[in-house]
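Here the structure is laid out as structure tokens; the discussion comes afterwards.
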Amino acid sequence: MTDTKYNGWTNYETWLTNLHFENFEFEEFVDDGSFDLLDRDEIKDWIANYIEESVEHCAYEYLELGQPQNLFITDMIQSFLGEVDWHDIADHYCDDVYKWMEERANA
């Protein structure tokens with residue numbers, strides 16, 4: 001079996017996306033109770049969806065600021081984003097979220 005990981009991430013697309021979008025903050029969501037009724041898998045899904053929506057919003061907003069839409073560039077972006085493992089990136093944040101939730105529960 002061939003190892004397809006890239007620098008410890010699922011693939012190049014996941015690594016590059018995390019490299020450029022590595023400063024998501026989730027402590028405010030812990031503080032406001034957004035995760036209180038969710039189990040660990042649901043929290044990970046929530047974080048993965050949040051990151052995916054944020055990155056896609058940024059990418060498509062950038063396209064809208066440019067010249068008339070180039071379908072080739074749009075297709076490349078969609079193809080690239082389709083390869084990103086959003087849950088792999090979410091894993092990167094989950095330990096901190098779980099720690100903050102535990103600290104909040106014990107406070």
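The values are calculated or read from the model by the stated rules, or taken from the named source; none is laboratory data. Quick caveat: nothing in here was measured; it's all calculated off a predicted structure. Backbone-built Cβ (ideal geometry, glycine too); neighbour counts: all protein chains shown.
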List, please: which pairs have Cβ atoms under 9 Å, are six or more places apart or on different chains, and start with a residue in segment 22-38 that is free of Cβ contacts under 8 Å to residues at least 60 places away in the same chain and among the small types (Gly, Ala, Ser) and end with one that is part of a helix (DSSP H, G or I) and surrounded by 12 or more Cβ atoms within 10 Å (Cβ to Cβ)? Gly33/Arg104; Ser34/Trp46
For segment 76-95, state whether one or more residues are among the acidic types (Asp, Glu), within 30 Å of Ala107 (Cα to Cα) and out of contact with any Ser or Thr (no Cβ under 9 Å at 6 or more places or on another chain). yes
Being surrounded by 12 or more Cβ atoms within 10 Å (Cβ to Cβ) and touching a residue at least 24 places away in the same chain (Cβ under 8 Å), is that true of even one residue in segment 65-79? no
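The rows are residues; the columns are (1) charged (D, E, K, R); (2) farther than 15 Å from Asn49 by Cβ; (3) modelled with pLDDT under 85; (4) not in a helix (DSSP H, G or I).
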position	(1), (2), (3), (4)
Tyr60	no, yes, yes, no
Pro68	no, yes, yes, yes
Gln78	no, yes, no, no
Leu81	no, no, no, no
Asp88	yes, no, no, no
Asp91	yes, no, no, no
Tyr98	no, yes, no, no
Met101	no, yes, no, no
Glu13 fails exactly one of the following numbered conditions: (1) surrounded by fewer than 15 Cβ atoms within 10 Å (Cβ to Cβ); (2) at pLDDT 90 or above. What is the number of that condition? (1)
Filter segment 11-51 down to residues that are of a type in the set (D, E, K, R), assigned to a helix (DSSP H, G or I) and within 15 Å of Cys94 (Cβ to Cβ), then give me how many there are. 6
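Within segment 91-102, is even one residue over 19 Å from the mean Cα position of the chain (by Cα) and surrounded by 10 or more Cβ atoms within 10 Å (Cβ to Cβ)?
Within segment 91-102, one or more residues are over 19 Å from the mean Cα position of the chain (by Cα) and surrounded by 10 or more Cβ atoms within 10 Å (Cβ to Cβ).
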